[in-house]
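J.: One structure, pasted below without further comment.
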Amino acid sequence: MKSIPAKYNSAHHGFAVFTACATLVVITAGALVTSNEAGLSVPDWPTSFGYLVKVPHFVGGIRYEWSHRMLAGTLVTLTLAIAGWTLLLERRKWLRWLAIAAFCTVILQAILGGLTVLLLQPAWVSTAHATVAQTFFCIAVCIAIFTGRKFIEEQPRVEFDNRRPSLVALSLFSIFVLYVQLILGGMFRHRGMSWWPHVLNAILVTFILVWTAIRALSVYSHITAVRRPAILMVSLLIAQLCLGFAAFVTRVAWGQNAAQPELPMVSATVAHVAVGALLLATTVVLAIQVWRHVPVAFEERAPQAERDASVA
């Protein structure tokens, strides 16, 4: 059966972009909660001081925790809307499943946020909460990419990759090491692990991402869909390393004995989390574009092998 081609819908795409941007705002708000040690400022869940919607007095960390909850609740509504819209409009079955996955992920994120409060912030739950949040951000960015005009209407320029490891493999490995870094960073930030595994893995992350970017830019810079995310990935990596150093210095070296979180530590840590989310999402976008434009060469060799066999 011949598949029905997808059609670009500007309103659907715009709402998908808005949902992705809203997700980054929620992640930043969550980083503010953690950096200001305000995670238990509202001690109950799913209510807040016994109410679902009543605004409490913004005293101390309550302003961060309650605001984060309200933003997260709004994001659940946005995700339900984009998921429902995609199911009604979209002809690509795999994208409909991705929309369902987005809604399931944001619900899981909400549950983990509640468990963080109810279980008094165990490090593994708080880390899972942060990891799922960035996973959802990546899914939201992917939906925005897949609903864009270029992805739907433009014919991709394809060049087969016969190098080993392939650029596809390098981009996927980049995502893997970033996830490891996300988990290690979460465990350190929530006092479940020392700082040194996070710092050591940062060296590996830098090496893998630079290797991936050099391969992409030196061989496939003429493919715009590959060049742009590769450049952005390197730029965000540099910013992330600088912010990571600033966060480490202000938290470990200067702020270890501080009575409460100080502004330099909070600012550096929140920026570090936000840029980290953008870096992970950009690497996912790069992997998608590489998969689309630079497939591995064995896909090309199979027909050639069949022709050779028929001649023999």
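J.: Order of Leu32, Leu40, Leu98 from fewest to most other C-beta atoms within 10 Å? Walk me through the intermediate numbers first.
T.: Numbers: Leu32 21, Leu40 13, Leu98 17.
In order of increasing Cβ crowding within 10 Å: Leu40, Leu98, Leu32.
J.: Let me ask you something else. Tell me the relative contact order for region 63-162 as a rounded percent, counting alpha carbon contacts under 8 Å between residues six or more apart.
T.: Numbers: 52 pairs, mean separation 21.7, N = 100.
The normalised contact order for region 63-162 reaches 22 percent.
J.: Right, something else. Determine, for Tyr8, Tyr64, Tyr220, Tyr51, the number of other Cβ atoms within 10 Å of each Cβ, and report the residues in order from fewest to most.
T.: Details: Tyr8 13, Tyr64 24, Tyr220 21, Tyr51 10.
Exposure proxy ranking, most exposed first: Tyr51, Tyr8, Tyr220, Tyr64.
J.: From the backbone phi of region 184-199, what are the Karplus-calculated ³J(HN,Hα) couplings (6.51 cos²θ - 1.76 cosθ + 1.60, θ = phi - 60°) in whole Hz, Gly and Pro given as x?
T.: After applying 6.51 cos²θ - 1.76 cosθ + 1.60, I find 5, x, x, 5, 5, 5, 9, 6, x, 7, 6, 7, 5, x, 5, 5 Hz.
J.: Compute the relative contact order of the chain as a whole-number percentage, counting only Cα pairs closer than 8 Å that sit 6 or more residues apart in sequence.
T.: Details: 352 pairs, mean separation 71.7, N = 312.
Averaging sequence separation for qualifying contacts and normalising by length gives 23 percent for the chain.
J.: Residues with beta-carbon under 13 Å from that of Trp124, excluding Trp124: net charge, scoring Lys, Arg +1 and Asp, Glu -1? Intermediate values should be presented prior to the final figure.
T.: Working: positive: Arg189, Arg191; negative: none.
Within the 13 Å Cβ shell, the charges total +2.
J.: To continue, here is another question. Sorted from fewest to most neighbouring beta carbons within 10 Å, what does the list Thr135, Thr282 look like? The partial results should precede the final answer.
T.: Working: Thr135 19, Thr282 23.
Taking fewest neighbouring Cβ atoms as first place, the list is Thr135, Thr282.
J.: Translational D (Stokes-Einstein, µm²/s) of region 79-197 at 25 °C and 0.890 mPa s when Rh comes from the Kirkwood sum over C-alpha pairs? Walk me through the numbers on the way to the answer.
T.: Working: Rh = 16.8 Å.
Answer, rounded: 146 µm²/s.
J.: Among rounded, prolate and oblate, which fits region 157-312 when a ≥ b ≥ c are the square roots of the eigenvalues of its C-alpha gyration tensor, a/c under 1.5 means rounded, and a/b larger than b/c means prolate?
T.: It is prolate, given that a/c is not under 1.5 and a/b is the larger ratio.
J.: Assign one of three labels to region 118-179, namely rounded, prolate or oblate, based on the Cα gyration tensor with a ≥ b ≥ c the square roots of its eigenvalues; rounded applies when a/c is under 1.5, prolate when it is not and a/b is larger than b/c, and oblate otherwise.
T.: Oblate shape, in that a/c is at least 1.5 and b/c is the bigger or equal ratio.
J.: While we're on this one: Using each residue's phi in region 112-123, evaluate 6.51 cos²θ - 1.76 cosθ + 1.60 at θ = phi - 60° and report the 3J(HN,Hα) Karplus result to the nearest Hz, with x for Gly and Pro.
T.: For region 112-123, the Karplus curve yields 5, x, x, 5, 4, 6, 5, 9, 6, 6, x, 4 Hz.
J.: Now for a different question. Under 10 Å, Cα contacts only: if you run a Gaussian network model on the chain, which one of Val294, Val76, Val53 comes out with the highest mean-square fluctuation?
T.: Of Val294, Val76, Val53, the Gaussian network model singles out Val53 as fluctuating most.
J.: Something else about it: For region 9-154, what is the convex hull volume of the alpha-carbon atoms per residue, in Å³? Write down the numbers at each step before the final one.
T.: Working: hull volume 15.0 nm³, N = 146.
Convex hull of Cα atoms, per residue: 103 Å³.
J.: Under the rule of -39500 (n - 2.57) per DSSP H run of 4 or more residues, summed and divided by the residues of the chain, what mean residue ellipticity at 222 nm is obtained, to the nearest 500 deg cm²/dmol?
T.: Working: 10 runs with 226 residues, N = 312.
Computed ellipticity for the chain at 222 nm equals -25500 deg cm²/dmol.
J.: Still on this structure, please answer the following. Whose amide H sits under 5 Å from the amide H of Asp161, counting only residues 5 or more places off or on another chain, with H placed in the peptide plane?
T.: Result for Asp161 returns Val296, Ala297.
J.: At q = 0.13 Å⁻¹, what base-10 log of I(q)/I(0) does the Debye formula yield for the chain when every alpha carbon is treated as an equal point scatterer in vacuo?
T.: Here the Debye-derived log intensity ratios amount to -1.00.
Each value in this text was obtained by applying a stated rule to the coordinates, not by laboratory testing. For clarity, every value in this text was computed on a predicted model and none was experimentally measured. As a convention, Cβ positions derive from the backbone with ideal geometry for all residues, glycine included, and neighbour counts pool all protein chains shown.
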